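Some notes on the structure that comes next.
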Amino acid sequence: MLTACEGRQLGGNVPVSVATGPAPLIVIVVDTLRYDHVTPERMPNVMKLAEDGVSFSRAFSHAPMTLPAHTALFSSTYPGQNGVKVNGTPVPGDLPLVSKWLANQGYQTAAVASLATLWSSQPQQSLDQGFDTFTHVFRDYSHGPKTTERIGEVMEGLTDQPLFLFAHFADPHEPYRDFESTEPQLQLKVNGLVLEELTTSHSPHFQAKCELQEGDHEVSLISDGDFVMRSLYVHDSASGARIPLVLTEGKRLSTLQAVRGTFHLDKPATVDIESWVNDHPSQAEAKLRYRAEVTVADKAVGKLLRDLQSMGIYDQSLIVFTSDHGEAFGEHAWNGHSESLFDELLHVPLIVKPPAGQGDLRIRLGQSAQALIRHVDVVPTVLDILELPVMPGMVGVSLLDPQRGDLPLLAETHQPEASQDQLCLRNRAHKLLYFPETGSFQLFDLRADPLETQDVFTAKGHQFSVWQEELRERAEQAHQVRELPQPRQKSDLIESLGY
Ligand SMILES: [Zn+2]
């Protein structure tokens, strides 16, 4: 029987001023942010950051998936080299990461990561390695304003060491929210009593504590319209242990109108009930919502930048802003990411704001503003600017290196998240795609055909025999790479995101 429940109120503390050492590093990643959506209208705060630094117009990710893209970014190695080819893969403990490298250099390291794909079911098996603090708001997905609040709480606990902060914003990753709708459509019930009414188009997370007697209990989600249940958990509040919930109606990630589950308590207990639901917009509606979410992410980033200013560390900080991958809205017959290596999934924003008072750094970085930049080049550039030792194993080249030139991009996507393995090499003029399963290639002339609609491999492929050979070798390397064993059971967190 239901005794008492109350919704959880999350904190919203304002950061206080902290003393820091020289050159803090702030890396801000807005997940799933297409390059062409970073405009003054949609992202004025990000554009303001660009005015203080350098915006690179041809920056690219190495993978259209969250964990492989971030691992490549933080290790300056390719997915097919480091073994993190899909989400849910453990990050090898011996892989050099910028977090571990900066911790060894005396940096205090903190991260707020707002998407489950950056988390592991076991500590220190994912990108939490090297971070003194690696935290989140909700376990599987939290929105920009909450993420900024949590960053503020983390910053309150900092000492005066130099700081590396990784701020990760899940918006505008799907599910895309509708900010206009206000009518609740769904009731979350415990033992038949309404605990909360939720608006499914807001993609709400809800968490509540309930004091319950011993015995059997039912938790249900009931709606007049269709909705998708991403997750529904019951935990013992005291121990945090998961209480098994048996679904008697409905299942995760299906479109439905009712979900019911039962659980049993051997003794009276306080439990945490946690749910995450969303509605199912049309493609056109999804695109509109995505744009709105981009603006929400911009506001959250703007709040973070203002907090850094009020703490007195904005000017002296090296700030990197980017995204892990883009998003498709019907291009190449696809919606979402993971599936292909076309530019709508690989072309990302990249802004670097150097620390103030370091001479001509901004001018020197600006000389690469139009060059093709790879995510693997970011950490070498950061360490160069911070005047720190070179991290072992990096395949990228600092943007400050006068010899670097335009280096080709290598990108990859892999099964099972993609329907087939693919690798590509891309420079400013061409992209060569390789499909190892069939041994076939596609070639796109990016100057004549920037939307990558005409495969010209038959006519021009012979001009790219060196790239063909490299892609075959890279595919073999990716096939042979040591992969750590997958967790025995696929993480609930990953599944709630639909991977
Ligand atoms: Zn992502």
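Normalised by the number of residues in the chain, the mean separation of alpha-carbon contacts (under 8 Å, six or more apart) gives a relative contact order of 24 percent.
Surface analysis of the stretch 179-280 yields an accessible area of 47 Å² per residue, using protein heavy atoms and a 1.4 Å probe.
For the chain, adding -39500 (n - 2.57) for each run of n ≥ 4 DSSP H residues and dividing by the number of residues yields -6500 deg cm²/dmol at 222 nm.
If you average the sequence gap of Cα pairs under 8 Å that are 6 or more apart and divide by the length of the stretch 261-346, what percent do you get for the contact order? Computed over the stretch 261-346, the figure is 16 percent. Distance distribution note for the stretch 281-407: the fraction of Cα pairs above 17 angstrom is 68%.
Over the stretch 179-280, the hull volume per residue, using the convex hull of the C-alpha atoms, is 89 Å³. How would the stretch 254-301 be classified by its alpha-carbon gyration tensor: rounded, prolate or oblate, with rounded meaning a/c under 1.5 and the a/b versus b/c comparison settling the rest? Since a/c reaches 1.5 but b/c is at least a/b, the shape of the stretch 254-301 is classed as oblate. If R0 equals 30 Å, the separation of the Cβ atoms of L400 and L288 corresponds to a calculated FRET efficiency of about 0.15.
As a size descriptor, the averaged projected area of the C-alpha convex hull of the chain was calculated at 23.5 nm². Model label sites at D216 and D449, defined 7 Å from Cα along the beta-carbon direction, differ in position by 6.2 nm. Looking at the chain alone, DSSP beta bridges between its own residues are antiparallel in about 75 percent of cases. Multiplying the residue separation of V390 and Q309 by 0.36 nm and subtracting their alpha-carbon distance yields 26.2 nm. Using bins of 10 Å that start at zero, the share of Cα-Cα pairs per bin across the stretch 413-480 amounts to 21, 53, 25, 2, in whole %.
Placing pseudo-labels 7 Å out from each Cα toward the beta carbon at S419 and V466 gives an inter-label distance of 3.4 nm. Can you tell me the relative contact order of the stretch 106-204? Whole percent, Cα pairs under 8 Å, sequence separation 6 or more. Averaging sequence separation for qualifying contacts and normalising by length gives 29 percent for the stretch 106-204.
Relative to the longest principal axis of the Cα atoms of the chain, the long axis of helix 465-480 makes an angle of roughly 40 degrees. For the stretch 413-480, the per residue solvent-accessible surface stands at 54 Å², with DNA, RNA and ligands left out and a 1.4 Å probe. Of the solvent-accessible surface of the chain, computed with a 1.4 Å probe over protein heavy atoms with every protein chain present, carbon and sulfur atoms account for 49 percent. Diagonalising the gyration tensor over the Cα atoms of the stretch 46-97 and scaling each eigenvalue by 5 before taking the square root yields semi-axes of 27, 11, 10 Å, largest first. Between the stretch 306-327 and the stretch 62-88, the C-alpha centres lie 22 angstrom from each other. When the convex hull of its Cα atoms is viewed from all sides, the stretch 27-141 shows a mean projected area of 8.1 nm².
The values are calculated or read from the model by the stated rules, or taken from the named source; none is laboratory data. Note that this is a predicted model, so its numbers are computed, not measured. Cβ sites come from the backbone with ideal geometry, for glycine too, and all protein chains shown count toward neighbours. Only protein heavy atoms, including side chains, enter the accessible area calculation; ligands, DNA and RNA are left aside. Shrake-Rupley method; radii C 1.70, N 1.55, O 1.52, S 1.80 Å.
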